[in-house]
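Structure record follows, encoded as structure tokens.
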Amino acid sequence: MSTLSGQENFCRAIEFRSPHYLPTELGVDFNWLYEKDPAKTERIKDLQARFPNDLLSLSSLRNSQEPVTTEGVEQWIDEWGTGWLNDGHGGRAVSYPLIAGYDALATYPFPDPNHPARFCGNDAKLAQRGDRYVRGSVWFTLFERLWMLRGFENILMDPHLYPDEFAALRDRIVEFNLAVIDKWLARGVDAVFFSDDWGWQRGLLISPAEWRKFYKPSYARMFRRVREGGAHVWMHSCGNVTAIIPDLIEIGLNVLNPIQTQAMDVEFLAREFGGKLCFLGGVDTQGMMVKETPAVVKREVHRLVNLFGRYGGGYIGGTSHSIMPETPLDNVLALYEAFAEHLA
């Protein structure tokens with residue numbers, strides 16, 4: 001194994017400076033999987049132990065009411081006032097504090113980015129960072145935060161029906177995010193991870209022109225703050241976001257996740273943007289990991305490594321999203337075995 005630090009190896013991959021081994025971000029929830037086989041599970045855990053612990057991922061999200069479980073259903077309210085529910089299939093927003101209209105802003109209590117509890121747990125983890133690459137986050141960055149406040153359909157129409165009110169709310173969220181970014185930078189993180197799901201299987205949720213008009217300048221402000229602070233910009237966006245990848249590169253994006261291979265053409269991504277953008281993920285959890293054989297899974301891992309990682313870096317190994325409950329353990333094992341071949 002290389003003596004290069006995890007932090008430096010990640011930086012080399014992201015900056016196309018020839019990492020000594022393939023950095024990865026892999027994970028599986030064994031409790032979530034339907035198949036229960038202690039022997040196979042133990043083999044996967046043994047493989048997991050071979051991967052270096054060189055990424056420290058931190059969150060700044062807070063709740064105003066912590067989760068309470070009643071008859072197997074977990075409910076909570078986040079600090080923005082959005083109500084959440086998890087009935088065993090993952091958390092989802094179920095109530096929206098500004099759905100009645102922008103008049104509610106007059107009494108709406110915006111969260112405090114400087115709340116003393118926001119970073120106390122993170123600071124304890126940072127004290128043990130060692131030589132790991134540290135990634136802070138501004139999760140549910142902008143579009144998702146907006147629709148979690150106003151409701152999804154409303155926020156698609158608001159820029160056209162209530163342009164001034166929409167812009168004011170959007171900019172208030174950006175100011176909150178900038179304050180959180182400053183807190184991360186002051187703590188010396190290596191990256192800030194943003195998240196907004198902008199795509200569906202075939203394209204953007206809105207037109208690229210509308211995205212550029214109503215949202216791109218806001219992302220540019222936040223990305224610029226991170227880059228000027230000496231850190232990398234990561235972004236998670238599900239679905240097919242091919243149309244705006246050139247824009248994201250232009251405003252400073254370094255790493256794009258998750259690369260859903262059923263939504264985007266990975267050959268095109270590597271050909272058009274390889275050497276300009278580092279890609280994280282790509283192994284298809286929607287179909288391949290569930291339905292194909294271990295041999296097919298292994299071939300796909302090696303294909304992605306060769307496609308994206310041939311630019312002196314440019315690839316971080318991982319899946320297109322969370323590993324689904326119906327995934328066979330043999331395919332999870334194959335996933336780890338294949339990526340482990342790229343650790344040397």
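The values are calculated or read from the model by the stated rules, or taken from the named source; none is laboratory data. This structure is a prediction, so every number in the text was calculated from the model and none was measured. Cβ coordinates were reconstructed from backbone atoms using ideal geometry, including for glycine residues, and neighbour counts include every protein chain displayed.
When residues of region 156-188 are filtered for being more than 19 Å from Ala106 (Cβ to Cβ) and basic (Lys, Arg), how many remain?
Total meeting the criteria: 2.
Checking the condition under 29 Å from Leu248 (Cβ atoms) and assigned by TED's automatic domain parsing to the domain that holds Phe10, which residue from Leu335, Leu329 passes?
Answer to the check: Leu335.
Filter region 248-263 down to the residues that are out of contact with any helix residue (DSSP H, G or I) (no Cβ under 6 Å at 6 or more places or on another chain) and surrounded by fewer than 20 Cβ atoms within 10 Å (Cβ to Cβ) and list them by number.
Ile249, Glu250, Gln262
How many residues does region 63-107 contain that are under 17 Å from Ile155 (Cα atoms) and assigned to a loop (DSSP other than H, G, I, E, B)?
9
Evaluate region 85-96: report whether one residue or more is small (Gly, Ala, Ser) and under 23 Å from Ala168 (Cβ atoms).
Yes, that holds for at least one residue.
Mind listing just one residue for me: the one in region 46-85 that is closer than 24 Å to Ala344 by Cα and aliphatic (A, V, I, L, M) and, of those, surrounded by the fewest Cβ atoms within 10 Å (Cβ to Cβ)?
Ala49
Please list, ordered by first then second residue, the pairs with beta carbon atoms under 8 Å, 6 or more apart or interchain, first in region 1-22 and assigned by TED's automatic domain parsing to the domain that holds Gly314 and closer than 17 Å to Asn254 by Cα, second aromatic (Phe, Trp, Tyr) and in a helix (DSSP H, G or I).
Pro19/Phe10; Leu22/Phe339
Considering Arg50, Arg43, Arg17, which residue is among the basic types (Lys, Arg), assigned to a loop (DSSP other than H, G, I, E, B) and out of contact with any strand residue (DSSP E or B) (no Cβ under 8 Å at 6 or more places or on another chain)?
Arg50
Have a look at Tyr315, Tyr336 and point out the one that is more than 23 Å from Ala263 (Cβ to Cβ) and either touching a strand residue (DSSP E or B) at 6+ places or on another chain (Cβ under 6 Å) or not aliphatic (A, V, I, L, M) (or both).
Testing whether each residue is more than 23 Å from Ala263 (Cβ to Cβ) and either touching a strand residue (DSSP E or B) at 6+ places or on another chain (Cβ under 6 Å) or not aliphatic (A, V, I, L, M) (or both) leaves just Tyr336.
If I filter region 36-45 for residues that are acidic (Asp, Glu), free of Cβ contacts under 8 Å to residues at least 24 places away in the same chain and surrounded by fewer than 16 Cβ atoms within 10 Å (Cβ to Cβ), do I get at least one hit?
yes
Just name the residue that is nearest to the chain's Cα centre (by Cα) out of those in region 204-239 that are assigned to a loop (DSSP other than H, G, I, E, B), more than 30 Å from Gln7 (Cα to Cα) and among the hydrophobic types (A, V, I, L, M, F, W, C).
Across region 204-239, the extreme among qualifying residues is Leu205.
Okay, residues lined up against (1) in contact (Cβ under 8 Å) with a residue 12 or more places away in the chain; (2) assigned to a loop (DSSP other than H, G, I, E, B); (3) in the same structural domain as Asp29 (by TED's automatic domain parsing):
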| site | (1), (2), (3) |
| --- | --- |
| Pro116 | no, yes, yes |
| Arg135 | yes, no, yes |
| Thr141 | yes, yes, yes |
| Leu149 | yes, no, yes |
| Met157 | no, no, yes |
| Asp164 | no, no, yes |
| Leu178 | yes, no, yes |
